[in-house]
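The values are calculated or read from the model by the stated rules, or taken from the named source; none is laboratory data. All of these numbers come straight from a predicted model, not from anything done at the bench. In this analysis, Cβ positions are derived from the backbone assuming ideal geometry, glycine residues included, and neighbour counts consider all displayed protein chains.
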Amino acid sequence: MDEHLKIELGKQGIVVTTLQELYNWGRRNSIWPMQFGLACCAIEMIATTMARFDMARFGAEVFRPSPRQADLMIISGTVTKKMAPQVVRLYNQMAEPRYVIAMGACAISGGPFKQGYNVLKGIDRYIPVDVHIPGCPPRPEALLEAFMALQKKIDAQPLTGAGRPRFLDSEARGEFPIPVPGEHDLEPASNRGVWPVEIETGTKGPRD
Amino acid sequence: MLKTVEEIKAAIEAAIPGAGVEFVPNPGPAAEHSLLLRPESAVAVAKFLRDDAELAFDYLSNVTGVDWPDKEIVEKVKAMRITTKTVDGVEQQVEETVEETRKRIEPGCLEAVYHLYSVAKKHGPLVIRMRTENRTDRVTLPSLTPIWRGAEFQEREVFDLYGIVFAGHPDLRRILMWEEFKDHPMRKDFVEPDDYEYEPTAHDHVLKRAQAHPAAVVASGSQRWRDEGIR
Amino acid sequence: MSSGVQTKPEQLEGWNRPPVIAPEGEGELLEVAMGPHHPSTHGVFRMDVTLDGERVIGLKPVFGYLHRNHEKIAEQTSYLASMPYTDRLDYFCSLTNNWAYALAVEKLAGLDAPERAQYIRVILAELTRIQNHASAVGFLLQDMGASGTPLMYAFREREKILDLFEQLTGARMMCNFMRFGGCRVDATAGWLDGARKMVAGLPNFVDEFEALLSTNEILMARTQGVGVLKPDLAVNTGVSGPMLRASGVDYDLRKVDHYGIYDRFQFRVPLGEHGDIYDRYMVRVLEMRESIRILEQALKDVPAGPVMDPKAKSRGFRPKPGEAYGRIEAPKGELGFYLISDGTPNPYRYRVRPPSLINLTILEDMCLGHDVADVVLIFGSVDIVLGEVDR
């Protein structure tokens, strides 16, 4: 519909919209994150919800302890190999539509701890990530920026066609395989559906 | 005033005959010398240190493990050898100095280090240590958790990361790694998983390794699921 | 409210745990895994709780969900390169972690920090202590059901302190400020003025905080007599920090070890009498007040001079072979670093003595016999940070 006509009608008190716009408008303004802190970044996440940065402006202050009531998982910190199965399990328990923000260097790639034997080198080896925010830890402003990026992403989602969200696609897979702790490493070391590169499990020669 | 480590050693030997405490000097500027306990008498010595009215080490601050791997020592030894030589047509036995390169393996051990303080007397630290016989099969040390409960989680951690078995510990399980894990990661010879992405850096050897690394193709790969969308 | 069943100190020999009492009459035991994802566990901590109805009869903590291999990484890198990693141990108190590590290395290498650096260290450490205690109390109240409000007050103050940190070090949380033999940069006169102004407002904050909480009926009802820890047991289990002092043991490393320049300041060590959650809360509030006193004294006369020991060198730093154990009174308790040098640029052994982990040794004994809702409070009153528990 013509934008000018829409504005003119709006002045007359008639709101014209599409279902998609209305739908996405509702979704993007009430993203409820899961109350789920992993490490250092969680403190900045808490700081973001407090008075100074006030995440409530984005309709996202309602932190839900249960994954079943949450729309957004903020991976706020280092995911260790011991924790990764639980993170994937929590993600599986979330209802669609669900989004993931990888907050901070550790959640993206292992960050400063990437050499660690017990550190998962990026959560996107197991679950899809929508927004990555760099930083160690990212400032609260960066988390707000990630929220805005996520809102833009939601706004641009069509309800039909190839780019439609997973929950409107009957063939989409909802469950993601949960890795199992093995004798030396997690098995498998990555989910080939989201992370197409094979990673050798077990150990190779010593690093130089 | 706290006695010196030598005085404490003498006090232990006077109280527990045959304790066999050894003095381990610390050459660094901190000069925190330590006492090496024998596993057989360690619990009795620890009890004495805690209960003695003057020492009163009632507070166990820190427990940790140290790995001392087997060391191969290459040394040149001058040896006397008797060789038979023909001098002026006559066979003679001559002593000769020959330099030999000898290799010997100095057996390693695992070590548990305890730092003791006294809350009652406000002194410390006293460092005591125990050593295992080797690093493979004879790795049992007595647990000091019955004396100081503060050691409970820390000894579990040493068991997890170094593989020292503490006999008499009430609940010796892995604490940081998962139960199925097989290795002891803090040992010096632990081979770490090589599964992280290498950053392109200015160091040639890292860059070369990064290009050869399987994760190097990630840049093109991770785009794939975004393009295709995850179905 | 029933009192907790506790191991008596004389029973410690041979590990006599209080026996598990079988449920009376009908019903069976319930095993609940609290965590690793649980709103009350302050991170990724798990407690396997055995319940008889509402009553806790067993509790096993499970660690390692944030085991980031700090020690292993530190043994593969140079001494200085571990400094940023210490920020991420107890991520509320990066500056005291820096200090503990710097102190241990200074002991190992025989360095000393100059006067001005010592003053700056004390100022930063006490500011850290205030924001840690304020947040700890905020989180404790959050666990109690006061959703948000006390935490908002605490974080309002914390943000002011973080602004000071950011002005001086460039980072809000991960300050990476101290060096072996001093501090990285000097504090400007403007910064010190800002700090004085900020500290002048702090007593009001503590008054307000106390007016809200200290005599609050709900807080008193839920915390007094809950999670009691006896002094001899506390010492035997290696408990340190505010938790030890809440049990009435006078042991503050600032007074005992005389590290830094704490001898020059007048301050008292608040002690608890009952060793319950309320005492732990109260000790933290009083410690905030004492920290403000130290800050007022320290900020009055910061001497001029360099902030780095001229003997210290940042490149090619190789301490002589030897070992050292350095410890400070961090906000959570005794934070120690044990280092062994073999003369190479990397430490041969690098060990962190984490107060958070060792303070949890006694968690089970404190919780036995209480309701499951109290477990959350008892756990919250220990004040831990998982980055330090698992490292």
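Observations
- Of the residues making up region C:252-295, those that are assigned to a loop (DSSP other than H, G, I, E, B) and over 14 Å from C:Glu210 (Cβ atoms) number 17.
- Scope region A:108-130; condition in a helix (DSSP H, G or I) and touching a residue at least 40 places away in the same chain (Cβ under 8 Å); matching residues: A:Ile123, A:Asp124, A:Arg125
- Taking the criterion of being under 12 Å from the mean Cα position of the chain (by Cα), among the β-branched types (Val, Ile, Thr) and either within 14 Å of chain C (Cβ to nearest Cβ) or under 17 Å from A:Arg64 (Cα atoms) (or both), the residues of region A:89-132 that qualify are A:Val100, A:Ile101, A:Ile123.
- Candidates in region C:342-358 are the residues that are at pLDDT 90 or above and not in a helix (DSSP H, G or I); of these, the one that is surrounded by the fewest Cβ atoms within 10 Å (Cβ to Cβ) is C:Tyr348.
- From the list A:Met34, A:Met45, the one residue that fits, being under 30 Å from A:Gly111 (Cβ atoms), hydrophobic (A, V, I, L, M, F, W, C) and in contact with a helix residue (DSSP H, G or I) (Cβ under 6 Å, 6 or more places away or on another chain), is A:Met34.
- Pairs with Cβ under 8 Å, 6+ apart, first in region C:230-257 and on the phi > 0 side of the Ramachandran plot and facing chain B (nearest Cβ under 10 Å), second in a helix (DSSP H, G or I) and polar (S, T, N, Q): C:Gly238/C:Thr361
- Residue list for region B:62-97, filter: under 37 Å from the mean Cα position of the chain (by Cα) and over 30 Å from C:Gly238 (Cβ atoms): B:Asp70, B:Lys71, B:Glu72, B:Ile73, B:Val74, B:Glu75, B:Lys76, B:Val77, B:Lys78, B:Ala79
- Yes/no for B:Ile12 being closer than 27 Å to B:Glu152 by Cα, away from chain C (no Cβ under 14 Å) and surrounded by fewer than 19 Cβ atoms within 10 Å (Cβ to Cβ): no
- From the list C:Glu10, C:Glu24, C:Glu31, the one residue that fits, being at pLDDT below 70 and outside any loop (DSSP other than H, G, I, E, B), is C:Glu10.
- When the test is whether a residue is touching an Asp or Glu at 6+ places or on another chain (Cβ under 9 Å), in contact (Cβ under 8 Å) with a residue 12 or more places away in the chain and closer than 25 Å to C:Val389 by Cβ, C:Leu140 passes it.
- Residue in region C:236-251 that is of a type in the set (Asp, Glu), closer than 30 Å to B:Phe153 by Cβ and not in a helix (DSSP H, G or I) present: yes
- Of residues in region A:53-88 being charged (D, E, K, R) and surrounded by fewer than 15 Cβ atoms within 10 Å (Cβ to Cβ), the one nearest to the other protein chains (Cβ to nearest Cβ): A:Asp54
- Helices (runs of 4 or more DSSP H) completely within region A:2-107 that count 2 or more residues being among the charged types (D, E, K, R), modelled with pLDDT of 85 or more and over 26 Å from C:Met34 (Cα atoms): A:3-11, A:19-28
- Residue in region B:84-96 that is surrounded by fewer than 22 Cβ atoms within 10 Å (Cβ to Cβ) and touching a residue at least 24 places away in the same chain (Cβ under 8 Å) present: no
- Within region B:129-188, the set of residues being in contact (Cβ under 8 Å) with a residue 24 or more places away in the chain, of a type in the set (Phe, Trp, Tyr) and either closer than 26 Å to C:Leu244 by Cα or part of a loop (DSSP other than H, G, I, E, B) (or both) comprises just one member, B:Trp148.
- Options C:Gly58, C:Gly43, C:Gly53, C:Gly27: the member that is of a type in the set (Gly, Ala, Ser), within 14 Å of chain B (Cβ to nearest Cβ) and either under 19 Å from A:Val119 (Cα atoms) or out of contact with any Phe, Trp or Tyr (no Cβ under 7 Å at 6 or more places or on another chain) (or both): C:Gly58
- Residues of region B:15-37 classified as assigned to a strand (DSSP E or B) and more than 14 Å from every other protein chain (Cβ to nearest Cβ), total: 3
A quick yes/no check of all residues on (1) surrounded by 15 or more Cβ atoms within 10 Å (Cβ to Cβ); (2) among the charged types (D, E, K, R):
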{"position": "C:Ser147", "(1), (2)": "no, no"}
{"position": "C:Gln167", "(1), (2)": "no, no"}
{"position": "C:Phe180", "(1), (2)": "yes, no"}
{"position": "C:Ala195", "(1), (2)": "yes, no"}
{"position": "C:Asp232", "(1), (2)": "yes, yes"}
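- Residues within region C:302-322 that are assigned to a loop (DSSP other than H, G, I, E, B) and touching a residue at least 40 places away in the same chain (Cβ under 8 Å), tallied: 13
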